[in-house]
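Working notes, beginning with the structure itself.
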Amino acid sequence: MTLRPNSRRIWVWILLAVPVWVVYGQTVSHEFIHFDDPEYITRNPMVRSGLTAQTVVWAFTRFEQNNWHPVTWLSHMLDVELFGMWAGGHHLVQVFLHTLSTLVLFSLLLRSTGRWGRSAAVAGLFALHPLHVESVAWAAERKDVLCGLFSLLALWRYARWSVQKTGSKMPPAVTVYFVLALMSKPMAVSLPVLMLLLDYWPLHPRSAARGRSLIPWLRVREKAHLFVLSGIACVVALAAQTIGGAVESLKVLPLLHRLAHVPVAYAWYLARTLWPADLAVFYPHPGMPSAWQTLGAGMLVAGISWVAVRSRHRFPYLLTGWLWFLIALLPVIGIVQVGNQAVADRYTYLPQIGLFMAAVWGVGDAAASRLPVRWPVWATTLLVLTACAAASFVQVGYWSDSITLFRHSIQAAGGSAKMHNNLAVALTEAGRYSEAAEEIRRALRISPGEARSYINLGNALVGMGRSGEGLAAYREALQRDPESPEARINIAVLLSQSGRTQEALEQFRTVLQSHPRSARAHYNYANLLMAMDRPAEAERHYRTALGIDPFLAHAHNNLGILLGRSGRWKEAAGHYLDAIAADPGFIEAYNNLGIAFVRLGAIDAAREQFRNALQRDPTFLAAEENLRQLEAALRKTRTGPKSSGEKTSP
């Protein structure tokens, strides 16, 4: 039985989509990662506010996280509207977008070449290769999968127009998809060149047969507006990264070191494509590679380039695929060094397609000229795809939580101050303070001068109850980075907790002068003012903190306590509700909300809130006592619940 083309396409789509969900479906139970996820999602007040007029304007008008990518921000905001802070929902959207990209890639290649099996093999490699796990399993990398999807849609629409000759001008949809890709991640700037490569192969013979001009200059001219958009995107991206301080100075990483590392990076990506082992979330930059590394990698890249050029007439896909790989990686190859990583798995999301095309068509042609039957080729292809799926499944598992991921990264790529610090933060948040302190000491042995390490060490020491040593660590951090607001705030909090009120006030005033938009500084300053019985000033700073970040649960709770003390119970109840909305596990807020409801005469609602607190922590004595007194009051017509008090944190 012969399947009709539409039915055949649907079956191929299913066969491509199902393995993607088998490999990546496990992310539904994964957590957010303490690496970019807080800045992009969990602690970003604009994203957490969802889609509003204010947040949409913010997305289009601000340089944030060293980039201008409004479509990415809008996508995260939509996730919050749909799923709130449930990490599984955010991850499933990533998997859905990756699945769509896989299907679009298959459709693009099928439209361009007419080869079903080879197009499906390339799409399968794209879907299941372990190097793509980082892009799909990392919620903060939404920009990567969005940029990939819109880029492939632009290429698909361009290929469709090229082979159908439906008009003399490029369809507007190509430009729209390209702009959306650029507004997701600027790495799409190479797309017009990739279109020229597709013009060379495989679109050349198919578009020529439909009367489209093959003159190279005309092919470039029809894409002139796309090149202009790429140029604008490059300028905007460089400005955003420079303003944000993400671009490494030539003093830190000289130009000679960067140029020497370029062929080494290309060779690394090529090697990991062939053998994707020891993959990590961060690969520290080694600085200047050895002469033999640069020379050997340079000879490898030059040799493959020579073969691709020499065989361009007989095997044009080799030249297209290899140049696709080289050019698509060029924006992130390290000449303009953004961050301090040497390479990154996520950078291969689009560039690797070129290698897959060259390999699949090369193997297919070689097999067709030597094998009388096709089954050995299909068996080998299935074996490779199965191996990729198995390796990706294991790699996805490392992304289940921060501690697992960072431990694996250190094991796979070697220790770096950044990874030891990230692991320490995750361990501190899990209450494993002694382990966190040990990781920070490892970070300090690698990079002794980092203020961040001393701040993290102070946090771990305070968690262990060693406040004096923690204060010393914070002071050391401040000495190494006098502009650090976090170190100064932490010092002020510890000083206030030890009764050194005047010193704490001076620290808070200093940090608020230099960082007036620090919600954390306003919040902790308000806590001190509240303890000093200066309620009007405390209220003002709580409200300022919440105006900057409306999702500070403890600020809502403490402001509610302050309002309750002056009898403003209705306002207090509103802030307790906001605290619970920001942190559904905040048991003190449930208890305090119950108290507010008692004062407002809403007895049934009060009982429910006390029970909510006890449901989350059956050992929470304040809520248990308040519920007992409430039940007794209902029997004896009297009330008298106890407040659970304020919450402060450094």
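Filtered by the rule that a residue be part of a helix (DSSP H, G or I), of a type in the set (A, V, I, L, M) and in contact (Cβ under 8 Å) with a residue 60 or more places away in the chain, the stretch 273-325 gives 319, 323.
Checking each residue of the stretch 391-405 against the condition of being crowded, with 24+ Cβ neighbours inside 10 Å and closer than 27 Å to residue 487 by Cβ gives at least one match. The residues of the stretch 96-126 that are buried (at least 24 other Cβ atoms within 10 Å of the Cβ) and under 19 Å from the mean Cα position of the chain (by Cα), listed by number, are 98, 101. Counting only helices (runs of 4 or more DSSP H) that fall entirely inside the stretch 367-453 and contain at least 3 residues that are under 22 Å from the mean Cα position of the chain (by Cα), farther than 17 Å from residue 470 by Cα and among the small types (Gly, Ala, Ser), the qualifying elements are 375-397, 402-413. Within the stretch 401-424, the only residue that satisfies the criterion of being at pLDDT below 95 and among the basic types (Lys, Arg) is 418.
Selection over the stretch 133-183 of residues that are under 25 Å from residue 231 (Cβ atoms), of a type in the set (A, V, I, L, M), modelled with pLDDT under 95 and part of a helix (DSSP H, G or I) gives a count of 1.
Read through the list (1) outside any loop (DSSP other than H, G, I, E, B); (2) of a type outside the set (Gly, Ala, Ser); (3) touching a residue at least 24 places away in the same chain (Cβ under 8 Å); (4) over 25 Å from residue 538 (Cβ atoms), then give the number of the only condition that residue 479 fails. Result: residue 479 passes all but (3).
Condition check ((1) surrounded by 22 or more Cβ atoms within 10 Å (Cβ to Cβ); (2) in contact with a Gly (Cβ under 8 Å, 6 or more places away or on another chain)) across all residues:
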residue: 27; (1), (2): yes, yes
residue: 52; (1), (2): no, no
residue: 56; (1), (2): no, no
residue: 73; (1), (2): yes, no
residue: 85; (1), (2): no, no
residue: 94; (1), (2): yes, no
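Quick one: would you say residue 365 is assigned by TED's automatic domain parsing to the domain that holds residue 266 and under 14 Å from residue 266 (Cα atoms)? No: the conditions fail for residue 365. Is there a residue in the stretch 627-636 that is closer than 18 Å to residue 575 by Cβ, in the same structural domain as residue 572 (by TED's automatic domain parsing), crowded, with 20+ Cβ neighbours inside 10 Å and of a type in the set (A, V, I, L, M, F, W, C)? Among the residues of the stretch 627-636, not one is closer than 18 Å to residue 575 by Cβ, in the same structural domain as residue 572 (by TED's automatic domain parsing), crowded, with 20+ Cβ neighbours inside 10 Å and of a type in the set (A, V, I, L, M, F, W, C), which makes the answer no.
Regarding the stretch 598-612, can at least one residue be identified that is modelled with pLDDT of 95 or more and not in a helix (DSSP H, G or I)? Scanning the stretch 598-612, I find no residue that is modelled with pLDDT of 95 or more and not in a helix (DSSP H, G or I), so the answer is no. Taking the stated definitions as given, is residue 560 surrounded by fewer than 19 Cβ atoms within 10 Å (Cβ to Cβ), modelled with pLDDT of 95 or more and assigned to a helix (DSSP H, G or I)? For residue 560, the condition - surrounded by fewer than 19 Cβ atoms within 10 Å (Cβ to Cβ), modelled with pLDDT of 95 or more and assigned to a helix (DSSP H, G or I) - is not met. In the stretch 454-476, the qualifying residues are those that are assigned to a helix (DSSP H, G or I) and of a type in the set (D, E, K, R), and the one that is nearest to residue 493 (Cα to Cα) is 475.
On the given criteria, is residue 190 buried (at least 17 other Cβ atoms within 10 Å of the Cβ) and modelled with pLDDT under 95? Reasoning before the result, please.
On the way: buried (at least 17 other Cβ atoms within 10 Å of the Cβ): yes; modelled with pLDDT under 95: no.
In short, no.
The values are calculated or read from the model by the stated rules, or taken from the named source; none is laboratory data. Values in this document were obtained by computation on a predicted structure and should not be read as measured data. In this analysis, Cβ positions are derived from the backbone assuming ideal geometry, glycine residues included, and neighbour counts consider all displayed protein chains.
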